[in-house]
Amino acid sequence: MRGSVLPHLIIINSLIWLAGIRFEELALTLAIHKWGYEFEPWQVITYFFTHRSFWHILANMIALWSLGSAVEPVMGSSNFLFMYLFVGIASGVCLAFLDPSPFPVLGASTSVSGVLAAYAYLFPRSQLVIFPLPIPFSARWLAIGFGVISLLLFLWEPVMGGISHFGHLCGLVFGWVYLRWIWKWWHI
């Protein structure tokens with residue numbers, strides 16, 4: 001994909017993750033902290049380029065590449081990048097001020113959830129298979145199912161196994177908002 005921002009996003013995420021291996025405190029410094037708990041304004045940008053483990057970054061980057069490679073050509077690279085940043089920053093603000101969990105959050109999951117919402121908006125009937133389930137799901141129902149599961153898990157236990165279900169919900173909502181109102185309005 002000539003002119004694509006996807007490889008650049010993956011490289012930036014990977015380089016920050018690699019730097020975090022060398023400097024162990026980096027991930028915690030770049031993670032978004034709650035207002036009143038070591039919050040710094042720049043964390044609303046840095047947290048979604050930061051990952052703690054190999055599996056965390058691998059899962060996020062595979063999802064970003066898989067979904068983003070279909071969404072970016074439709075939206076255009078600059079709009080795709082703007083959406084990715086908009087979703088990450090808007091979700092970060094919600095995480096800092098509204099998330100009931102006192103723990104810091106990091107990872108591209110919020111922005112990747114926004115890319116999932118964009119994919120479902122643009123290709124609602126597209127069939128996706130989520131490993132290891134051999135059952136195809138329509139993109140619309142996959143995004144809705146992911147949102148419902150994230151909501152239920154958030155309501156049951158706001159922080160479960162270090163996963164921010166609130167962050168996933170924010171990403172889905174802001175991704176949909178971006179496609180439904182912002183991007184659609186710009187392309188009338």
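Some observations on this one:
- In segment 35-54, the qualifying residues are those that are farther than 16 Å from Thr110 by Cα and among the charged types (D, E, K, R), and the one that is farthest from the chain's Cα centre (by Cα) is Glu38.
- Residue tally, condition among the small types (Gly, Ala, Ser) and in contact with a strand residue (DSSP E or B) (Cβ under 7 Å, 6 or more places away or on another chain), over segment 1-52: 1
- Candidates Phe146, Phe166, Phe123: the one that is in contact with a helix residue (DSSP H, G or I) (Cβ under 7 Å, 6 or more places away or on another chain), under 22 Å from Asn79 (Cα atoms) and of a type in the set (Phe, Trp, Tyr) is Phe123.
- Taking the listed residues Leu30, Leu64, Leu18, Leu81, the one that is touching a Phe, Trp or Tyr at 6+ places or on another chain (Cβ under 9 Å) and farther than 25 Å from Leu151 by Cβ is Leu30, with no other qualifying.
- Odd one out for Val177 among (1) out of contact with any Pro (no Cβ under 7 Å at 6 or more places or on another chain); (2) surrounded by 15 or more Cβ atoms within 10 Å (Cβ to Cβ); (3) over 15 Å from Met75 (Cβ atoms): (3)
- Count - residues of segment 18-38 that are surrounded by fewer than 15 Cβ atoms within 10 Å (Cβ to Cβ), part of a loop (DSSP other than H, G, I, E, B) and of a type outside the set (A, V, I, L, M, F, W, C): 5
- Meets criteria (more than 19 Å from Ile163 (Cα to Cα) and at pLDDT below 95) for Met83: no
- Residue within segment 39-62 that is without any contact (Cβ under 8 Å) to a residue 24 or more places away in the chain, polar (S, T, N, Q), closer than 24 Å to Phe131 by Cα and part of a helix (DSSP H, G or I) present: no
- For segment 113-156, the candidate set comprises residues that are under 16 Å from Asp99 (Cβ atoms) and exposed (fewer than 12 other Cβ atoms within 10 Å of the Cβ); within that set, the residue that is farthest from the chain's Cα centre (by Cα) is Trp156.
The values are calculated or read from the model by the stated rules, or taken from the named source; none is laboratory data. All figures in this text were calculated on a predicted structure; none of them were measured in a lab. So basically every Cβ, Gly included, is an ideal-geometry build from the backbone, and we count neighbours across all protein chains shown.
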